[in-house]
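Below is one structure; the comments refer to it alone.
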Amino acid sequence: MIENVDLTMVNWARAQFALTAMYHWIFVPLTLGITWLCAFYETIYVKTGNEEWKQLAKFWMKLFGINFAIGVATGIILEFEFGTNWSNYSWMVGDIFGAPLAIEGILAFFLEATFFAVMFFGWDRVSKRFHLVSTWMVAIGSNLSAVWILIANAWMQHPVGQEFNPDTARFEMQNIMEVILSPVAVSKFTHTTSSSMLLASLFVISVSSWFLLKGRNIQMAKRSIIVAAVFGLLASGLTIFTGDEHAFENARHQPMKLAAFEGLYDGEKSADLVAMGIVNSSKQPGDSQDSFSFAIKAPIPGLLSLLANRSLGSFVPGINDLVYGNTEENIMGAAEKMEKGKLAIEHLALYKKAKSSSDENSAAFALATFDANKEFLGYGFLENPEDAVPPVGLTFYSFHIMVFLGSLFPLVFLAYLYFTLKGTLPEKRWLLGPGVIMFFLGLVSTEAGWVVAEVGRQPWAIEGLLPVTVARSNLTAGTVQATFFMFLVLFTVLLIAEIKIMTKQISIGPEGN
Amino acid sequence: MIGSLDITTLQQLWWLLCSVIGSLFLFLTFVQGGQTLLWQVAKTDDEKSLVVNSLGRKWELTFTTLVLFGGALFASFPKFYATSFGGAYWVWILILFTFIIQAVSYEYRTKPDNLLGAKTYELFMFINGSVGILLIGAAVGTFFTGSNFVLSEYNLVTWTNPLRGLEAAFSLFNLSLGLFLVFNARTLGAMYLVNNIDFSINPELEARLRKWTLTSFICSLPFILYVLVSLLLMEGFGVDDQGVVSLVSRKYLGNLLANPWILGLLLAGLVLVIIGVLNTAKSSTKTNGIWFGGLGTVLVGLAVFFTAGYNNTAFYPSKADLQSSLTIFNASSTHYTLTAMTYVAMTIPFVLAYVVYVWWAMDNRKLTADEVASDSSAY
């Protein structure tokens, strides 16, 4: 992704956001998921009084702590990056977008930060029960923080509960409950947290498989696996269910993203799902080339229509329909939206001019035209209708990699569960070997998910209302480039340190406690 | 209930809340101050370990408070967030950079195979406590000395100084405020450590910490005096009922005289800090200095933020274009958002209560060298 960036400020700012978000996301899903596992392990310890479960809980907590620190380090920059690199955005939507970030701080971060210290250093300082409560609080706090940041993200994808105020030139909140309970927010949050639970379960499976292959800490590994396999299996089911829900929401609110991740140029009724394929990279919207150099469709016809609209025969719009319009299906194209958007921008300027010269009649007229077209405001900033199309190849491949891996993981959990219950897992080296790399496949899958979500919504910072070219800060490309490389070097160094420390601690094993 | 408050009241309320969070952050910079003391007060690895582990139980609270300060400003005064972060780019990026390197340092410092070695992580902590706090002070200083930006009619910011915020560090006033915060953090750090650690087998460490409390405080004095005297004498940025900003001579002195209670906060804060320092430095048994010093710092912080924002003052003034200056009235969120956020803010006392309870539960026994040595989670 980074190779294709040209040297303009906006693209560097996008690259920087992608870089920091993707680094952050290496660590966060593990944090979100493994806190639950630590809480389960400790609960078993408290219930049974068996010290071995305590040792096991402490071992996973230690790995959690190493991971948590770098998650925090990569996270702080994200909050402030909205201001530093996207300051126009921060002003234009701050009235809405700032709220969930502040609520995240008040309701979630303090839970995490306060009880984190108890979880690590409180074993001999507080009672067993208070310690257990603290561990649960860390799990709840970290997942609550995910709720709020995902509400914020979902609002960018589907901006509900707001109204543009021409006097202040910003979007203002009308209904906070609409923002919080937006269906996109709900599906995004449930999908993200359940997939994080899945990923953390894979982490436990990978590390424990390594112990089994080495023939050490067999009992601990088996105990860890049984909890992780059950949890992972449940999480997989939830992830698939919420993923389907999420795709359904995409079809309602971001049909272009759906068309891009399926590589669908010409919309159709009973649209088929592409199981795998190679995107034709020279294909442009509106031309007559094939969309794919090679593609295998899913065996059941109309599956994409089912996914998008819950109806096998329904129409799914393609990229061309969304760019050029489709009168038959009553779809307005980006070209027409651009005209309306430009009217909105023009009349916003006229309104401001009339206001400043106290010409109330002209102001009222300009405002009426603005109001009639403001829904398409963002399109007015585009230069060509084709600019409304995100990078199709990257979005398509990411989506398909995510789905393919996401379908593989429940089988892995099932196999681990089956052989653990049969008591033969330590002998199944054919399973344990691939098991070790499952965590990395999980990371690929979860990162791919964010690529679909974020690349697939380009060119929008706020869907349909604010393109990234407007959302930017007034900085030179060189400045953003400098900080891009600063963060690249720093985060890479810290990542290497993290991996080295983590592998060392794993090889020391729970005896280190 | 809250919805019936008028917008001006809500704006003042949110300036108060942001000031409280910012001032609590200043108190919690005892963590950063302690980090800069590490090499001076801890002479052996065991002593280092005690100091780092004592601070390490609190660093996240400070970090989280800073993040909340940013979040609260974003939610309540988004124009400030957009103008300052997007405009004074380099100063904020560098501040963030020092907090990024801090966040990994506790956890990674003594772990085997940590790539950079313990010394590097200790250096990261030092940079965070010195450069980081200095620049935060310089940035807060611009609330009084002004910045270089112009807002368009769409309220979008253009910064007119090529140093993009770093120019703040070249003003004597801003620099003094920054250095005061650095030394004050060191004073607080020493007092916190005196309070938190069981020195029965490390009496020299305690003696050094008590000495450094006084030394750091004395170092901070010229800077706070310079800041206070300048503040009383300098021109400030006033705003009239029409929202027109103009330079007013002795504006901040005027603010203090118009609101004697703010002057009271400032003086009470300074006195409390002095009591904390004397209790720690002039006694070999008293360990309560941090509470006086901490509360004192919060009060001084409140006085500084209130002087900047209340009494018709532009809290983020522009030297380049006076009318672009930000006031709590023109930079805030809408009535609706401030109301909604005020409901959320009603949970803050509850949050404070559990933070205090956990602090008490975890710290009612002093940290001993044995505990650090035998704890596998120790930093």
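The values are calculated or read from the model by the stated rules, or taken from the named source; none is laboratory data. The structure presented is a predicted model; accordingly, all values stated were derived computationally and were not measured. Don't worry about glycine lacking a Cβ; one is built from the backbone with ideal geometry, like all the others, and counts go over all protein chains shown.
If you check A:Leu37, A:Leu32, A:Leu56, which single one turns out to be hydrophobic (A, V, I, L, M, F, W, C), away from every other protein chain (no Cβ under 13 Å), within 20 Å of the chain's Cα centre (by Cα) and part of a helix (DSSP H, G or I)?
Just one listed residue meets the conditions, A:Leu32.
May I ask you to say which residue of A:Phe376, A:Phe370 is of a type in the set (A, V, I, L, M, F, W, C) and within 18 Å of A:Glu463 (Cα to Cα)?
Answer to the check: A:Phe376.
Step by step: first the residues of segment A:54-89, then only those that are under 16 Å from A:Arg223 (Cβ atoms) and of a type in the set (D, E, K, R), then the one that is surrounded by the most Cβ atoms within 10 Å (Cβ to Cβ). Which residue is that?
Here the residue is A:Lys58.
For segment A:59-93, name all the residues that are more than 7 Å from every other protein chain (Cβ to nearest Cβ) and over 16 Å from A:Phe491 (Cα atoms).
Scanning segment A:59-93 gives A:Phe59, A:Trp60, A:Met61, A:Leu63, A:Phe64, A:Phe82, A:Asn85, A:Trp86, A:Tyr89, A:Met92, A:Val93.
For segment A:162-177, give me each residue that is closer than 10 Å to B:Tyr336 by Cβ and part of a loop (DSSP other than H, G, I, E, B).
A:Gln174, A:Asn175
Pick from segment B:215-265 the residues that are among the aliphatic types (A, V, I, L, M) and outside any helix (DSSP H, G or I): which of them is surrounded by the fewest Cβ atoms within 10 Å (Cβ to Cβ)?
Once the filter is applied, the top-ranked residue is B:Val244.
Does segment A:466-478 include one or more residues that are among the charged types (D, E, K, R), closer than 29 Å to A:Ser208 by Cβ and out of contact with any Lys or Arg (no Cβ under 7 Å at 6 or more places or on another chain)?
Looking only at segment A:466-478, we keep the residues that are among the charged types (D, E, K, R), and these are A:472.
Subsequent filtering for residues that are closer than 29 Å to A:Ser208 by Cβ retains none.
For segment A:466-478, residues among the charged types (D, E, K, R), closer than 29 Å to A:Ser208 by Cβ and out of contact with any Lys or Arg (no Cβ under 7 Å at 6 or more places or on another chain): absent.
Just need a number here: residues in segment A:260-277 that are more than 19 Å from A:Gly449 (Cα to Cα) and either surrounded by fewer than 18 Cβ atoms within 10 Å (Cβ to Cβ) or in contact (Cβ under 8 Å) with a residue 60 or more places away in the chain (or both).
Count: 5.
Go through (1) among the charged types (D, E, K, R); (2) part of a helix (DSSP H, G or I); (3) more than 7 Å from chain B (Cβ to nearest Cβ) for A:Asp124 and report which single condition fails.
(2)
Tally time: how many residues in segment A:130-170 are within 12 Å of another protein chain (Cβ to nearest Cβ) and over 24 Å from the mean Cα position of the chain (by Cα)?
Count: 12.
Right, A:Phe381: in contact with a strand residue (DSSP E or B) (Cβ under 6 Å, 6 or more places away or on another chain), under 30 Å from A:Asn88 (Cβ atoms) and among the aromatic types (Phe, Trp, Tyr) or not?
Here the answer is yes, as A:Phe381 does meet what is asked.
Do we find a residue being within 14 Å of another protein chain (Cβ to nearest Cβ) and within 25 Å of B:Phe144 (Cα to Cα) anywhere in segment B:172-189?
Taking every residue of segment B:172-189 in turn, none turns out to be within 14 Å of another protein chain (Cβ to nearest Cβ) and within 25 Å of B:Phe144 (Cα to Cα).
Being aliphatic (A, V, I, L, M) and in contact with a strand residue (DSSP E or B) (Cβ under 8 Å, 6 or more places away or on another chain) is the filter here, so list the residues in segment A:302-357 that pass it.
Step one: filter segment A:302-357 for residues aliphatic (A, V, I, L, M), giving A:303-304, A:306-308, A:312, A:316, A:319, A:322-323, A:331-332, A:334-335, A:338, A:343-345, A:348-350, A:354.
Result: A:Leu304, A:Ala308, A:Val316, A:Leu322.
Considering only residues that are over 17 Å from A:Phe80 (Cβ atoms) and aromatic (Phe, Trp, Tyr), look in segment A:97-115 and name the one that is farthest from the other protein chains (Cβ to nearest Cβ).
A:Phe115
Being at pLDDT 95 or above and in a helix (DSSP H, G or I) narrows it down to one residue among A:Gly442, A:Gly478; which is it?
Within the list A:Gly442, A:Gly478, the selection yields A:Gly442.
Return the only residue of B:Lys282, B:Lys366, B:Lys319, B:Lys286 being closer than 22 Å to B:Val244 by Cβ and touching a helix residue (DSSP H, G or I) at 6+ places or on another chain (Cβ under 9 Å).
B:Lys319
Quick one: is A:Thr479 within 9 Å of another protein chain (Cβ to nearest Cβ), of a type outside the set (Phe, Trp, Tyr) and either over 28 Å from A:Ala57 (Cα atoms) or out of contact with any Cys (no Cβ under 7 Å at 6 or more places or on another chain) (or both)? Give the derivation first.
Values: within 9 Å of another protein chain (Cβ to nearest Cβ): yes; of a type outside the set (Phe, Trp, Tyr): yes; either over 28 Å from A:Ala57 (Cα atoms) or out of contact with any Cys (no Cβ under 7 Å at 6 or more places or on another chain) (or both): yes.
Criteria met by A:Thr479.
Just checking, does segment A:370-379 include any residue being more than 31 Å from the chain's Cα centre (by Cα) and surrounded by fewer than 21 Cβ atoms within 10 Å (Cβ to Cβ)?
Taking every residue of segment A:370-379 in turn, at least one turns out to be more than 31 Å from the chain's Cα centre (by Cα) and surrounded by fewer than 21 Cβ atoms within 10 Å (Cβ to Cβ).
Return the residues of segment A:483-499 that are surrounded by fewer than 17 Cβ atoms within 10 Å (Cβ to Cβ) and either facing chain B (nearest Cβ under 9 Å) or within 21 Å of A:Thr31 (Cβ to Cβ) (or both); say none if nothing qualifies. Working first, answer last.
The initial filter retains those residues of segment A:483-499 that are surrounded by fewer than 17 Cβ atoms within 10 Å (Cβ to Cβ), namely A:485-486, A:488-489, A:492-493, A:495-496, A:499.
If the condition is that a residue be surrounded by fewer than 17 Cβ atoms within 10 Å (Cβ to Cβ) and either facing chain B (nearest Cβ under 9 Å) or within 21 Å of A:Thr31 (Cβ to Cβ) (or both), then A:Met486, A:Thr492, A:Val493, A:Leu495, A:Ile496, A:Ile499 are the ones that fit.
For segment B:79-110, give me each residue that is free of Cβ contacts under 8 Å to residues at least 40 places away in the same chain, under 14 Å from A:Ile77 (Cα atoms) and more than 8 Å from chain A (Cβ to nearest Cβ).
Passing the criteria: only B:Thr98.
A quick yes/no check of all residues on (1) surrounded by 16 or more Cβ atoms within 10 Å (Cβ to Cβ); (2) more than 9 Å from chain A (Cβ to nearest Cβ); (3) within 15 Å of B:Asp46 (Cα to Cα):
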position: B:Thr334; (1), (2), (3): yes, no, no
position: B:Leu338; (1), (2), (3): yes, yes, no
position: B:Val351; (1), (2), (3): yes, no, no
position: B:Trp359; (1), (2), (3): no, no, no
position: B:Met362; (1), (2), (3): yes, no, no
position: B:Lys366; (1), (2), (3): no, yes, no
position: B:Ala369; (1), (2), (3): yes, yes, yes
position: B:Ala378; (1), (2), (3): yes, no, yes
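One residue is enough: does segment A:252-264 have a residue meeting the conditions on the phi > 0 side of the Ramachandran plot and under 26 Å from the mean Cα position of the chain (by Cα)?
Yes: segment A:252-264 contains one or more residues that are on the phi > 0 side of the Ramachandran plot and under 26 Å from the mean Cα position of the chain (by Cα).
Small (Gly, Ala, Ser) and in contact with a Gly (Cβ under 9 Å, 6 or more places away or on another chain), is that true of B:Ser325?
Against the criterion (small (Gly, Ala, Ser) and in contact with a Gly (Cβ under 9 Å, 6 or more places away or on another chain)), B:Ser325 qualifies.
Scan segment A:225-268 residue by residue and report those that are among the aromatic types (Phe, Trp, Tyr) and in contact with a strand residue (DSSP E or B) (Cβ under 7 Å, 6 or more places away or on another chain).
None; the set is empty.
Considering every residue within segment A:180-189, establish whether at least one is in a helix (DSSP H, G or I) and within 14 Å of chain B (Cβ to nearest Cβ).
Within segment A:180-189, one or more residues are in a helix (DSSP H, G or I) and within 14 Å of chain B (Cβ to nearest Cβ).
Within segment B:19-78, how many residues are in contact (Cβ under 8 Å) with a residue 40 or more places away in the chain, more than 14 Å from every other protein chain (Cβ to nearest Cβ) and part of a loop (DSSP other than H, G, I, E, B)?
Adding up the residues that qualify gives 3.
Filter segment A:204-232 down to the residues that are assigned to a helix (DSSP H, G or I) and of a type outside the set (A, V, I, L, M, F, W, C) and list them by number. Spell out how you get there, then give the answer.
First, the residues of segment A:204-232 that are assigned to a helix (DSSP H, G or I): A:204-214, A:218-232.
Scanning segment A:204-232 gives A:Ser206, A:Ser208, A:Ser209, A:Lys214, A:Gln219, A:Lys222, A:Arg223, A:Ser224, A:Gly232.
Starting from residues that are part of a helix (DSSP H, G or I) and touching a residue at least 60 places away in the same chain (Cβ under 8 Å), keep the ones in segment B:194-205 and report whichever is surrounded by the fewest Cβ atoms within 10 Å (Cβ to Cβ).
Across segment B:194-205, the extreme among qualifying residues is B:Glu204.
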